[in-house]
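The values are calculated or read from the model by the stated rules, or taken from the named source; none is laboratory data. Fair warning: this is a prediction, and the values are worked out from it, not measured in the lab. All Cβ positions, even for glycine, are placed from backbone atoms using ideal geometry, and neighbour counts span all protein chains on display.
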Amino acid sequence: MQELHKLTATETVALLKRREVTPRELVDVAAARIEATNPRINAIVTLCLDRAYQHARLLESKPADNAPAHFLHGLPIAVKDNLDVAGVRTTSGSRIYADRVPEDSDIVIQRLEANGAVVIGKTNLPEFAAGGNTFNDVFGATPNPWDTRMTAGGSSGGSAAALAAGQVWLATGNDFGGSIRQPASFCSVTGLRPSPGMVPRVQKQPFNALSVEGPMARTVADCALMFDAEVGFHPLDPLSQAGPHSSFLAAASKPRRPHRVAFSADLGIAPVIDHEVRALCTAAAERLAQDGVAIEETHPNLSDAGKNFLTLRGAVFIARHAQLIEKYHHLYKPEIIKNTEFGLSLKPAELVAAEVAQGEIVRRVAQFFETYELLLCPTVLCPPFDVNQRYPEELNGVRFEGYMGWLVLTYAVTMTACPVMALPCGFTRAGLPVGLQVIGRPRGEAALFSAAAYIETLLGIADRTPIEPRCAP
């Protein structure tokens, strides 16, 4: 029983389906693992064990003999603390909502629980999920299990750290400018930013293609398993896709070597990149070439993606924060205030121009993918940094613009609306994880899962988690 946390989610669900282990026993396993590791990484910030045991008992009393293939049969999961779980404290990492307990669950959680997931707790995040380092005034910071002096990333940093430490088998994430991909890279786990609308969500801002929900796991197949339990149409989300969708787990279970792949170490937009990150991602591309994949160093034109993303993000911050800041200005961190003020300073013509520009980016990238099956690039410009540093201000003497500048490789890709998976691809000399973005064709999730499974097998890194949280010498 003590070793069950080391199994993959797909292996564990198979045990549940055969009734070789019960949902309550797995809640015990997860709870014990959280107790053993959470003091060092602060990944799970709110436990809901009574609720989890109650749901587990219900699933045991009504076993799903004729359940769909994507049913999770009582597998415990963790939920990022900006998704409502009925009856469970949900703070968004803000002192404004420090004592908030919602009556109803978010539709993402409703769907996962209907498909057999058991919510065991909430994971840490930056205040209002803004930023690439997980810390807030409610719960503090989330260190990286690979080196607890470093950050786990953000904004889904708690989910990534919980997975890396084996606290849970699956965890929710959401991604606007890289909030799934960057912490997955920093913690050597896997995360998918799907195409907009694949996972239905209740929009908390103007409807757009920028912010999405997605799965996080330790392997590509596990990510696909969770994705299968999330996708589909929901009437509350007009962007959601009716389907039917084929099994993404089936696609991930059949690794396929792509024929023609593009690789870029900087997408033509990164002002600077850490030399070890560049070397490790380049080595991963070279490994594919050695295995017979045609690799070309090229990329689509994303020169205007960063500027227009920040403009559209500014508009979202108006919707999310402008009214709250008027009342709770003293409770907000300065970066969110600055972003909201930037949004309020924008003229309508600037917002319209950014919307038009995104349409042009989407079309350019779609044309690029008429030639290439995948585009590979680093996830982040640098490895994990000191957990006490709010964000990197410079790298190799080059200063970044604002607190988002170092995340340009993820938020530029957001503008393409393409599905993208963050995969572990290696470690620095100091033992810190580095991740690779694997970007697929528009609406090409199935092919992306199959190709990502091939890359995962080729690189041979996924089996290094879970780990015991440690402080590197």
inquiry  = I need every pair where a residue in the range 338-356 that is closer than 12 Å to R313 by Cβ has its Cβ under 8 Å from the Cβ of a residue that is assigned to a helix (DSSP H, G or I) and of a type in the set (V, I, T), sequence separation at least 6 or different chains.
reply    = T340/I318; T340/I325; G343/V316; G343/I318; L346/T311; L351/T311; A354/T311
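In the range 143-159, is there at least one residue being surrounded by fewer than 24 Cβ atoms within 10 Å (Cβ to Cβ) and touching a strand residue (DSSP E or B) at 6+ places or on another chain (Cβ under 7 Å)?
Yes, there is a match, as at least one residue in the range 143-159 is surrounded by fewer than 24 Cβ atoms within 10 Å (Cβ to Cβ) and touching a strand residue (DSSP E or B) at 6+ places or on another chain (Cβ under 7 Å).
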message = If I filter the range 114-123 for residues that are at positive phi and surrounded by fewer than 24 Cβ atoms within 10 Å (Cβ to Cβ), do I get at least one hit?
response = yes
ask   = Hey, any hits in the range 440-460 for a residue that's β-branched (V, I, T) and within 18 Å of the chain's Cα centre (by Cα)?
value = no
message = Pull out all pairs, ordered by first then second residue, where Cβ-Cβ is under 6 Å, the residues are six or more apart or on different chains, the first lies in the range 222-247 and is without any contact (Cβ under 8 Å) to a residue 12 or more places away in the chain, and the second is part of a loop (DSSP other than H, G, I, E, B).
response = A242/F233
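Name the residue, out of E468, E401, that is of a type in the set (D, E) and farther than 27 Å from G359 by Cβ.
On the way: E401 fails: farther than 27 Å from G359 by Cβ.
Just a single option satisfies the conditions, and that option is E468.
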query = Given the conditions (1) in contact with a strand residue (DSSP E or B) (Cβ under 8 Å, 6 or more places away or on another chain); (2) over 24 Å from Q241 (Cβ atoms); (3) among the acidic types (D, E), and given that E445 satisfies all but one, which numbered condition is not satisfied?
reply = (2)
request  = Looking only at the range 324-338, decide whether some residue is among the charged types (D, E, K, R) and under 18 Å from V365 (Cβ atoms).
outcome  = no
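Taking only the range 97-113 into account, find how many residues are surrounded by fewer than 18 Cβ atoms within 10 Å (Cβ to Cβ) and among the β-branched types (V, I, T). Reasoning before the result, please.
Of the range 97-113, the ones surrounded by fewer than 18 Cβ atoms within 10 Å (Cβ to Cβ) are 98-104, 110.
Among the residues that remain, those that are also among the β-branched types (V, I, T) are: 101.
Here the count works out to 1.
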query = Under the condition of being of a type in the set (V, I, T) and under 15 Å from A164 (Cα atoms), which residue from the range 20-38 is surrounded by the most Cβ atoms within 10 Å (Cβ to Cβ)?
reply = I34
message = Out of M216, M226, I need the residue that is surrounded by 16 or more Cβ atoms within 10 Å (Cβ to Cβ), at pLDDT 95 or above and touching a Pro at 6+ places or on another chain (Cβ under 7 Å). Which one?
response = M226
key: Condition met for Y411 (touching a residue at least 12 places away in the same chain (Cβ under 8 Å) and more than 17 Å from S264 (Cβ to Cβ))   = no
task = Select from the range 428-463 the residues that are over 19 Å from V277 (Cα atoms) and charged (D, E, K, R) and write down the one among them that is surrounded by the fewest Cβ atoms within 10 Å (Cβ to Cβ).
result = D463
note = Within the range 211-238, residues in contact with a strand residue (DSSP E or B) (Cβ under 9 Å, 6 or more places away or on another chain) and outside any helix (DSSP H, G or I) come out as S211, V212, E213, G214, P215, M216, A217, R218, T219
message = Quick check on the range 417-430. Is at least one of its residues touching a helix residue (DSSP H, G or I) at 6+ places or on another chain (Cβ under 6 Å), among the aromatic types (F, W, Y) and either outside any helix (DSSP H, G or I) or more than 30 Å from T340 (Cα to Cα) (or both)?
response = no
key: Criterion violated by N396 - all others in (1) surrounded by fewer than 17 Cβ atoms within 10 Å (Cβ to Cβ); (2) under 22 Å from L302 (Cα atoms); (3) among the polar types (S, T, N, Q) satisfied   = (2)
note = Conditions (1) aliphatic (A, V, I, L, M); (2) within 21 Å of G116 (Cα to Cα); (3) touching a residue at least 12 places away in the same chain (Cβ under 8 Å); (4) buried (at least 17 other Cβ atoms within 10 Å of the Cβ) -> A69 fails only (4)
